[in-house]
1. What is the one condition in (1) within 27 Å of residue 45 (Cα to Cα); (2) part of a helix (DSSP H, G or I) that residue 121 does not satisfy?
2. Only one residue in 57, 138 is over 28 Å from residue 161 (Cα atoms), in contact (Cβ under 8 Å) with a residue 12 or more places away in the chain and either surrounded by 14 or more Cβ atoms within 10 Å (Cβ to Cβ) or in contact with a helix residue (DSSP H, G or I) (Cβ under 7 Å, 6 or more places away or on another chain) (or both). Which one?
3. Give the stretch 81-97 a look and list any residue that's assigned to a helix (DSSP H, G or I) and surrounded by fewer than 16 Cβ atoms within 10 Å (Cβ to Cβ), or say none.
4. Can you report the number of residues in the stretch 116-128 which are more than 21 Å from residue 175 (Cβ to Cβ) and in contact (Cβ under 8 Å) with a residue 24 or more places away in the chain?
5. Go through (1) loosely packed, with under 14 Cβ neighbours inside 10 Å; (2) over 25 Å from the mean Cα position of the chain (by Cα) for residue 212 and report which single condition fails.
6. Within the stretch 243-252, restricting attention to residues that are in contact with a helix residue (DSSP H, G or I) (Cβ under 7 Å, 6 or more places away or on another chain) and farther than 17 Å from residue 190 by Cβ, which residue is surrounded by the most Cβ atoms within 10 Å (Cβ to Cβ)?
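The values are calculated or read from the model by the stated rules, or taken from the named source; none is laboratory data. Note that the coordinates shown come from a computational prediction; the quantities given were computed from them, not determined experimentally. Quick reminder, even Gly has a Cβ in these numbers, built from the backbone with ideal geometry, and neighbours come from all protein chains shown.
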């Protein structure tokens, strides 16, 4: 039989070639299948975590909802809905500093960041951080110059600072786009009370009360109008009703104190006048 040297030589080369590639080249792993498996596991974990969040929130265990919500955020750091949920959950147990931090992230990642308004400013206000709140309301207004909430809250900030003209401009600007917005109506009415424009303020308050009989801000404005008009009995009716509706609203107690003071002064003057008349 004829010997064939090439075959004897080539066969070991083939074996060495296959051995080389088996050692130095990683085996093929279908990446798509691996990604699909990972995605399926993530979806299952996300569903489990979301169910935990719903369970905790339904039972009022808001602090316990933070852990699963935080895990959801780790899985999807830029998911604005998870950020919103975290902010709202922090709000529910009054962790306002953490709430504000989440709203800041929401404004960064949300496709409609104005949906974090006015909550971001309110979270700063709840901490007593008035400068930060004002800046937040200004940013909110820059996001949507016609947004009634942003116009009201920034206007109210100026009002509480005593910047009445600036507050009035914002209230009036808001009312052009939202003429039935009660907070804007009553914000402007409070300024009218300050300026002695009592008839305009009365109409505004009564208009809101026809639609919302227990609106505490409208009851307060109506009471202030009656007080400034020296109808103390009517003022007390409005203010006492407001205090029953909203017992934590301290402004009712303050204005009732003003009413009582001025009523006593009025009675003193009447008594003095009647005494002077009897001596004449």
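1. (1)
2. After applying the criteria, what remains is 57.
3. Within the stretch 81-97, 81, 92, 97 qualify.
4. 7
5. (2)
6. The qualifying residue surrounded by the most Cβ atoms within 10 Å (Cβ to Cβ) is 243.
Conditions (1) farther than 29 Å from residue 53 by Cβ; (2) in the same structural domain as residue 211 (by TED's automatic domain parsing); (3) not in a helix (DSSP H, G or I), marked per residue:
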| residue | (1), (2), (3) |
| --- | --- |
| 105 | no, no, no |
| 135 | yes, no, no |
| 145 | yes, no, yes |
| 152 | yes, no, no |
| 159 | yes, no, no |
| 168 | yes, no, no |
| 171 | yes, no, no |
| 184 | yes, no, no |
| 192 | yes, no, no |
